[in-house]
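Engineer: Next up is a structure, given as structure tokens.
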Amino acid sequence: MLYLAEVQKGKGGLLGGGKAELKLLACQRSVDNWTTVPNEESIPAEEANAMAPGVLVLVELTANKQIQKIEDASRKLASTLNNLCRLLEKSKSQEDEIEQWKQSLTYQSQELNRREMELEARTEQLQQLEEDFEQLEQQRQEVISSREEVTRLREELDRNRQELESAWEQLRGEMQRLEAQQAEMQGKSTLDASQAETIQRLLGQLSSMTDPTAAVREQINLGFEAVNGFQTLLDSHWQAVDQSQATAQQLQQQLDQQIHELQARWQEWHQAQIAYEQAQADLKAHQSRLDSKQEQSQALIAQLQSYDALYQQVYQLADVSDQVVIGQKVDLDALERMPLDELQSVVQELQREFEKMAKLISMQEEEVLDKQQSINELREQIKNASEYDRLRLENELADEEESYRILNEPLIGQRQVAREREAILKQHQNILARRQGKPVDSGARQVDLGPVLMQLDNLRK
């Protein structure tokens, strides 16, 4: 199994006479999954004697903690940090893409609204053109009716003209016949009574026919004047019809072009609407998955907090009772054989290291408590926030929870190390006190809670 370790070297005496040791820091569970080693276990490593203290190495161990392979971890850590930077950049790029996608959807929605308004305006324009076309068609029908009426009047005038010409022919024939009779009568010296009566009757007929002929001529002239007036009106109507037809053709072309453009824009709008609906569905699906993951994350955080609380309760047992210890790592026989002054120096060194670690842990615990208070305040704000503010507050809550996790996870291991060092310090102090002749209560049997804490840590991971 592969471990990340730190090279350490003793100062001589009990601590190993300057030989190198490997302090196990983390263990590789899978390709991208590393977990911390909670007990900060150290193993002897002659292979690392040539390495400087504090160097990080990758060491491959067997099940019995025998070293199979050891190598410098600098390149591995640099590669891991580089991959982490790339992942962060990729995450930022994806956030930018999501923001651009939201802006694009907003722009598409505004464009669809604008096109819809243009479509309504074009529809109203088409309705107005249809009404104008109906009026032109009505005028066209009126012109056609007027033309038919003029044609009928012209035919009627032609018939009247033919009747008048035939009447004139008949009249001229009668006049010629009368002139012939007069010439014939002039050749005769005397007329009998019947001939004079006939001549008198014919003269009366001629005189009676003069007035009707003038009336007919007057009617013919009036008819021609009416025909000319109708012809003028007909010509003006025909010109209006020709202009109306040209205008109607032009309007029809414009109408066809606008209908074509309207259909194209309608197709574009329809496609954009489908894309917009699909985008909304995708957004809802993403939001649903996000809500589910947030609920799952909150449940996991609550479970982790319960494990942390249980972990702290177990550690508190070691604080309130001398009969409870966390791990037995002290060689008691070696301490019994160690010179008294050297043992006293070791106890003082352990005391200073423990106080330094306790101070550092206290500062980190204050930061964790501040983060926990911030998380509680954000949760209260989310309950009464609007939809827009809730999204922002949930993002802040996620950041705060992540910061809490980053601060709290190493603190758990540090607490465990501090408890173990405290237990070692107490054992050293008890042996020193007994060898100095001071009273020591050693009759009670101590209980080791190290396995319990290790099982809790495994459950937490």
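Engineer: Within the set of pairs 6 or more residues apart or between chains, which connect a residue that is under 13 Å from Ser403 (Cβ atoms) and free of Cβ contacts under 8 Å to residues at least 40 places away in the same chain inside segment 360-381 to a residue that is among the acidic types (Asp, Glu) and open to solvent by less than 50 Å² (accessible area, probe 1.4 Å) with Cβ atoms less than 7 Å apart?
Structural biologist: Lys371/Glu400; Ser374/Glu400; Ile375/Glu400; Ile375/Glu401; Leu378/Glu400
Engineer: How many residues, within segment 144-160, are open to solvent by less than 90 Å² (accessible area, probe 1.4 Å) and either touching a His at 6+ places or on another chain (Cβ under 8 Å) or under 20 Å from Leu222 (Cα atoms) (or both)?
Structural biologist: Matching residues across segment 144-160 total 10.
Engineer: Let me ask something else about it. Could you give every pair whose Cβ atoms fall below 6 Å, whose first residue belongs to segment 240-264 and is in contact (Cβ under 8 Å) with a residue 60 or more places away in the chain, and whose second residue is open to solvent by less than 80 Å² (accessible area, probe 1.4 Å) and in a helix (DSSP H, G or I), counting only separations of at least 6 or pairs across chains?
Structural biologist: Listed pairs, sorted by first residue: Val241/Val143; Ser244/Leu136; Ala248/Leu136; Leu251/Leu129; Leu255/Leu129.
Engineer: I'd like to check something: does segment 385-394 contain any residue that is within 60 Å of the chain's Cα centre (by Cα), modelled with pLDDT of 85 or more and open to solvent by less than 50 Å² (accessible area, probe 1.4 Å)?
Structural biologist: Yes, segment 385-394 contains at least one residue that is within 60 Å of the chain's Cα centre (by Cα), modelled with pLDDT of 85 or more and open to solvent by less than 50 Å² (accessible area, probe 1.4 Å).
Engineer: In segment 21-80, how many are exposed (fewer than 13 other Cβ atoms within 10 Å of the Cβ) and either in a helix (DSSP H, G or I) or on the phi > 0 side of the Ramachandran plot (or both)?
Structural biologist: 6
Engineer: Scan segment 353-376 and give yes if some residue there is surrounded by fewer than 14 Cβ atoms within 10 Å (Cβ to Cβ), among the charged types (D, E, K, R) and within 29 Å of the chain's Cα centre (by Cα), otherwise no.
Structural biologist: no
Engineer: Next question, about the same structure. Could you tell me how many of the residues in segment 110-143 are open to solvent by 60 Å² or more (accessible area, probe 1.4 Å) and farther than 20 Å from Leu251 by Cα?
Structural biologist: Number satisfying all stated conditions: 7.
Engineer: Which residue pairs have Cβ atoms under 9 Å apart, sit 6 or more places apart or on different chains, and have a first residue in segment 20-38 that is more than 20 Å from Gly54 (Cβ to Cβ) and modelled with pLDDT under 80 and a second that is open to solvent by less than 20 Å² (accessible area, probe 1.4 Å) and among the hydrophobic types (A, V, I, L, M, F, W, C)?
Structural biologist: So the pair list comes out as Pro38/Ile412; Pro38/Val417; Pro38/Leu453.
The values are calculated or read from the model by the stated rules, or taken from the named source; none is laboratory data. As the structure is a computational prediction, the values presented were derived from the model and not from experiment. Positions of Cβ are generated from backbone atoms using ideal geometry, with glycine treated the same way; all protein chains shown enter the neighbour counts. For accessibility, only protein heavy atoms count, side chains too; no ligands or nucleic acids. Shrake-Rupley method; radii C 1.70, N 1.55, O 1.52, S 1.80 Å.
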